[in-house]
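The values are calculated or read from the model by the stated rules, or taken from the named source; none is laboratory data. Quick caveat, the model's predicted, so the values are computed rather than measured. Note: ideal-geometry Cβ built from the backbone for every residue, glycine included; neighbour counts use all protein chains shown.
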Amino acid sequence: MWTVLFLVNPPTIALALVLGLAGALFLAWRRPAMRAVTLCLAALYVLILAAPLSSLGTIGESERYVVWDPLVSFQDIGGVERSENFGVMLDDGRVIRYSPTEPTVAERAETAEMEAPNAEVLHVHEGSDGALVVTDTEGAPVDPGSESEQTAVETIGQELEWIAQQAEEGPWSLTDGLALQERVLNTLLFVPIGIAAFFAFSSWPARLLFGPALSLTIESTQWALASGRSVDTGDLLVNGVGSLVGTLVSLMSVAIAGLFDRRSRTRPPTLAEHDRP
């Protein structure tokens with residue numbers, strides 16, 4: 001299911017909203033009985049989002065955890081700001097530290113104190129020609145072409161390439177998680193709920209509160225099942241926004257349908273219609 005997040009981007013978001021408007025226009029013109037459809041859709045959302053089949057075997061085995069701050073879910077959007085200096089620990093326990101400029105003696109000593117007593121620490125910085133230079137804790141250059149030098153250069157080179165790719169992708173970064181995509185997907189999922197509720201109910205409180213109430217039901221069910229899924233107030237927020245977007249799309253569709261309906265009533269009759277007995 002999480003692979004769907006790779007498809008969430010501005011073009012697919014626009015397509016989803018256009019499809020939502022097309023569906024709302026159909027409902028605005030046809031006006032089918034929507035209450036039964038809305039209730040079935042809500043039940044389907046609860047089954048899929050609150051109690052997926054993959055987690056049925058873990059019901060009651062996890063702690064019930066609630067994220068009360070809705071802004072926590074948005075803190076990692078766009079990636080975590082990184083210092084120019086960073087370190088990488090290899091599987092064999094060696095530590096490679098990178099800095100754009102050559103570290104001072106004090107910085108080398110501080111790094112050595114932070115790591116395990118017997119850990120080998122290599123420092124990588126950019127030379128005057130832009131090439132990566134590898135030195136040891138004492139500041140002595142590591143033998144060019146040695147295994148340590150090659151490993152340090154390759155590791156830091158990959159990290160720098162990854163950081164540059166993330167910066168180029170911006171908030172839609174796939175290399176640093178899918179936080180924004182997940183928030184947007186949770187919003188889009190509730191647009192159909194807002195559309196269905198709009199045409200199912202004539203009361204504005206029911207139209208506006210049905211989506212948030214469904215989201216609260218889903219989160220409460222996740223909390224009650226304790227199957228490893230945390231309850232996040234951020235989900236309540238974005239689900240509510242999605243439902244509101246669905247309501248606005250429905251209003252737009254009603255306005256468009258009304259406009260075409262008025263035009264059809266006020267247009268002059270055609271010659272064929274005029275000649276009818």
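Brief remarks follow.
- Candidate set from region 117-135 (those that are touching a strand residue (DSSP E or B) at 6+ places or on another chain (Cβ under 9 Å) and farther than 15 Å from Gly87 by Cβ); member that is surrounded by the fewest Cβ atoms within 10 Å (Cβ to Cβ): Gly127
- Within the option set Val142, Val105, being among the β-branched types (Val, Ile, Thr), surrounded by 13 or more Cβ atoms within 10 Å (Cβ to Cβ) and over 30 Å from Ile48 (Cα atoms) holds for one residue only, Val142.
- Odd one out for Ala206 among (1) surrounded by fewer than 17 Cβ atoms within 10 Å (Cβ to Cβ); (2) modelled with pLDDT under 95: (2)
- Single residue of region 66-82 satisfying the filter (modelled with pLDDT under 80 and over 14 Å from the mean Cα position of the chain (by Cα)) that is farthest from Thr187 (Cα to Cα): Arg82
- In region 111-141, residue modelled with the lowest pLDDT [restricted to those that are among the aliphatic types (A, V, I, L, M) and part of a loop (DSSP other than H, G, I, E, B)]: Ala116
- Per-region count, region 136-168, residues of a type in the set (D, E, K, R) and in contact with a helix residue (DSSP H, G or I) (Cβ under 8 Å, 6 or more places away or on another chain): 2
- Some residue of region 189-202 being surrounded by fewer than 17 Cβ atoms within 10 Å (Cβ to Cβ) and at pLDDT below 95: yes
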